[in-house]
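The values are calculated or read from the model by the stated rules, or taken from the named source; none is laboratory data. None of the values given here were measured: they were computed from a predicted structure. Glycine also receives a Cβ, built like all others from the backbone with ideal geometry; neighbour counts cover every protein chain displayed.
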Amino acid sequence: MISAVLLMLVLWGWLWAESLDWWAAAGQWVGGIGSALAALVALWIARTDWRRAEHETRRAEASRIAVWLQGKGNARYEVIYNNLTPLPAYRAIARLTWAEDEVLLPLGMLPPTSGPSRLQQSLDVDLAFYFSNKLAEHLGANADGAKVGRALDDLSLEVQFFRAGQYWRIDRDGELRTITEEEARVSLPGPRP
């Protein structure tokens with residue numbers, strides 16, 4: 001593109017036998033256009049880097065939040081979380097999946113902690129109750145608590161929450177990723193503010 005413009009300027013000057021002043025002015029115009037393009041590219045690079053750095057900062061904050069289940073015996077679990085950031089995580093929800101059944105547990109707000117903590121509402125989860133149909137199908141009608149507990153070892157947990165202006169999801173493999181508001185809306189029951 002630039003070489004085509006330069007070629008046209010050379011042809012114009014040669015065909016019309018322009019003076020040295022014309023050549024100097026044409027060179028200054030080409031230099032000015034090149035400088036403007038370089039400034040635009042520099043601004044685009046700076047904006048891209050700034051967005052990347054902002055996303056990495058948000059990701060680093062969100063990665064300091066964890067939620068897990070702690071067994072209490074007889075297929076009963078309590079939800080434990082750790083939020084090592086200075087601000088709470090909002091609209092948290094846990095998605096428990098076992099044998100293609102899914103249970104959504106609204107966790108609400110996860111306030112900052114200095115270590116593992118129980119939720120204030122002390123969410124005590126009876127997974128045998130939530131997955132009773134699949135457990136009966138899987139283990140038979142007369143399964144004891146130990147068999148149920150072993151069967152639920154294949155349980156997977158996903159957590160999503162709102163933090164730093166972004167929805168986040170920690171998937172079954174512990175991978176943290178951003179999700180859109182539409183994805184969060186599908187998973188989170190209830191009205192959005």
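Couple of notes before you dig in:
- Some residue of the stretch 35-56 being at pLDDT 75 or above, closer than 30 Å to Arg177 by Cα, of a type in the set (D, E, K, R) and surrounded by 12 or more Cβ atoms within 10 Å (Cβ to Cβ): yes
- For the stretch 57-92, a residue qualifies if it is at pLDDT below 85, part of a strand (DSSP E or B) and at positive phi, and exactly one does: Gly73.
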